[in-house]
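Let me begin by presenting the structure, written as structure tokens, before commenting on it.
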Amino acid sequence: MGPGSTTVGFAAGLLCALVAAALGLEGSRQERLLLQSLGLSAKPSPKFPAPVPPVLWKIFQKRARPSSAASALDHACRVEEFNVPGNIIRVFADQGNFVHSGEPDTWLCLEKRLYFNLSVLEEGEQLTMAQLEIQFSHNSYHPSGCGQVFELRLYHALQLSLRGTSSHLYNQKLLAAQSFAQLRKSLLFNLTEVAKGWRNPSKNLGLILEISVGSSNGTLAWPPGRPPNPCASINSFLSTSLLVVSLNQQQCKASRKRRSSYYAPVTPSNLCKPRRLYISFSDVGWENWIIAPQGYMANYCLGECPFPLTAELNSTNHAILQTMVHSLDPEGTPQPCCVPVRLSPISILYYDNSDNVVLRHYEDMVVDECGCR
């Protein structure tokens with residue numbers, strides 16, 4: 001083999017490499033654009049995936065049932081479980097820390113700063129609900145007799161001052177107070193109005209949670225001479241999270257417009273109609289951050305739009321006229337195209353770029369009917 005053939009082989013190999021690189025770059029660009037349309041800045045890579053909150057599993061499974069598909073379409077912009085507008089549900093993990101008061105033997109059992117980063121909400125989203133959940137293990141706090149109870153207070157931090165290594169909060173507003181002698185379940189607090197101001201990180205100083213020893217007459221006091229320490233079970237404190245529902249108005253406007261039209265079924269033949277297409281998230285490398293579903297039947301449109309067009313082909317008046325002109329001038333006028341005319345949504349449960357668990361309702365994901373346009 002001579003030098004010329006070697007040069008040609010090298011050039012061919014280089015050309016193949018450049019084509020492959022170009023296809024890779026184009027694929028990466030398309031993936032980036034798709035992720036942006038899903039509200040993500042990049043493909044998530046959760047390092048320590050949090051367990052899926054039961055409430056999100058329950059809502060996802062309800063929407064995934066075939067019998068509820070029509071209902072989900074009709075209520076695409078409303079979360080019926082909470083009776084609020086919305087098509088995105090996020091659960092934010094607490095990023096706060098325990099505050100050490102330096103007085104472990106006083107009435108204060110627990111003091112913790114709660115912080116939730118809501119800056120990931122997109123500009124077009126409207127926050128419609130925020131619910132704080134404080135979780136304890138079963139039977140975390142037990143009554144110790146003599147009418148002893150525990151007092152829980154939740155404050156909104158309005159200003160923060162740092163003094164050395166300790167954090168001292170002042171100018172804080174009491175949001176909720178609750179007494180209990182024995183706790184067997186989570187506590188829920190509506191923080192919708194407070195959370196609306198947290199979209200600006202500079203205005204988000206979080207919350208302060210305090211749990212202290214009290215008594216049935218409402219006074220805070222350490223029961224004298226009674227070991228063991230009534231605060232000893234504080235280690236059973238589990239976690240706090242913030243469930244946020246938000247609404248993307250643009251998707252709602254689009255779905256209302258689509259549902260106002262009527263679409264006839266497509267006749268089975270080689271004419272324009274939906275074809276089966278299953279998309280597996282593992283095939284596109286998204287299985288690490290999409291929790292459920294593992295894939296879905298997306299479908300696509302394929303088939304002919306011949307003259308004369310019939311009502312079964314879901315044709316517009318424009319398409320009917322275009323196909324008439326095409327029959328007279330095939331070279332100068334193209335045939336109408338077989339395209340989706342009705343699409344339905346799906347719900348996806350996934351981790352976002354901050355490792356929060358998100359349940360989001362996405363429009364235009366499944367091709368239900370096709371037509372000539």
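Considering amide H positions built from the backbone, and no H for Pro or chain starts, which residues 5 or more places from L114, or on another chain, come under 5 Å of its amide H?
L207, I208, L209
For region 127-132, just list the computed ³J(HN,Hα) in residue order, Karplus coefficients 6.51, -1.76 and 1.60, θ = phi - 60°, integers in Hz, with x standing in for Gly and Pro.
The phi angles translate into 6, 10, 7, 9, 10, 8 Hz.
Can you tell me the FRET efficiency between I279 and F98 if r is taken as the Cβ-Cβ distance and R0 is 51 Å, rounded to the nearest 0.05?
0.70
Could you give the length gained by full extension between E81 and M324, i.e. 0.36 nm per residue of separation minus their alpha carbon distance, to one decimal place?
Computed gain between E81 and M324 is 82.4 nm.
With θ taken as phi - 60° and the coefficients 6.51, -1.76 and 1.60, list the Karplus ³J(HN,Hα) couplings across region 285-302 in order, rounded to whole Hz; mark glycine and proline as x.
x, 10, 6, 6, 10, 8, 7, 7, x, 6, x, 7, 7, 8, 6, 7, 9, 7
Please list the non-local residues whose amide H lies under 5 Å from the amide H of I346, H modeled 1.01 Å from N, same-chain partners needing a gap of 5 or more.
Amide H neighbours of I346, under 5 Å, 5+ apart: Y362, M365.
Taking amide H positions as placed 1.01 Å from N in the peptide plane, with prolines and chain starts having none, which residues 5 or more places from C109, or on another chain, fall under 5 Å of its amide H?
I211, S212, V213
Can you tell me the accessible area per residue over region 269-347, all protein chains present, probe 1.4 angstrom, in square angstrom?
Per residue, region 269-347 has 57 Å² of solvent-accessible surface.
Whole-Hz ³J(HN,Hα) for each residue in region 277-284, computed from phi via Karplus 6.51 cos²θ - 1.76 cosθ + 1.60 with θ = phi - 60°, x for glycine and proline: what do you get?
Once θ is set to phi - 60°, the couplings for region 277-284 become 8, 9, 9, 9, 5, 6, 5, 9 Hz.
The values are calculated or read from the model by the stated rules, or taken from the named source; none is laboratory data. Everything numeric in this text was worked out from a predicted model, so none of it was measured. Glycine gets a Cβ as well: all are built from the backbone with ideal geometry, and neighbour counts include every protein chain shown. Only protein heavy atoms, including side chains, enter the accessible area calculation; ligands, DNA and RNA are left aside. Shrake-Rupley method; radii C 1.70, N 1.55, O 1.52, S 1.80 Å.
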